[in-house]
Structures are given as structure tokens and as C-alpha cells.
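The values are calculated or read from the model by the stated rules, or taken from the named source; none is laboratory data. Computed from a predicted model, the values in this text were never measured in an experiment. Here the Cβ positions follow ideal geometry from the backbone for every residue, glycine too, while neighbour counts run over all protein chains shown.
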């Protein structure tokens, strides 16, 4: 299950970088579904944020609707990977 989720995420990224946006979104959606089945909620949040950045809007990948993933900018910032102070 983990391998399928990771492969789908990587395929989505590859297709996006090569201009196939429709198929890219399908693979991202599949990856999120598999990550959710696995219980990897932090990865789901990261991938949803990546999709939002790439496609310019938040998408409910399960239902094909636009949704708000974050209530405010502080919640968005807290979901982004953090680095310890002093490290770049």
C-alpha cells in the first residue's frame, strides 16, 4: 500500500512537470487516497498542500470540488515542514 501511494505521488509529480495536468491530478488523488488508507495523515496534508501549490487552488481530490484546506495562514504555516532554528 505504501509503495502504491508513493509511486502514484511520484507519477503525479512527473506528469505535472511534463504538462499532463489532468493525469497528474488523477495520480495525486490516488496517492492521497492510499496515504489515507495507510493512516499517514501528515503525508496527506503535505501532498494536498503540494497540489494546492501546483494547481493554484485547493482541491477535494476525492470529490472533484474546490475546498479550503486551511482556515488561515497560521494553520498553513504550521503544516509546512519545520527546520530547527539556526539550520538552513
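Scanning the range 40-53 for residues that are surrounded by 12 or more Cβ atoms within 10 Å (Cβ to Cβ) and assigned to a helix (DSSP H, G or I) yields 43, 44, 45, 46, 47, 48, 49, 50, 51, 52.
Hey, among 8, 37, which residue is at pLDDT below 95 and assigned to a helix (DSSP H, G or I)? The unique qualifying residue is 37. With respect to the conditions (1) at pLDDT 90 or above; (2) in a loop (DSSP other than H, G, I, E, B); (3) surrounded by 12 or more Cβ atoms within 10 Å (Cβ to Cβ), residue 19 lacks only one, and its number is (3).
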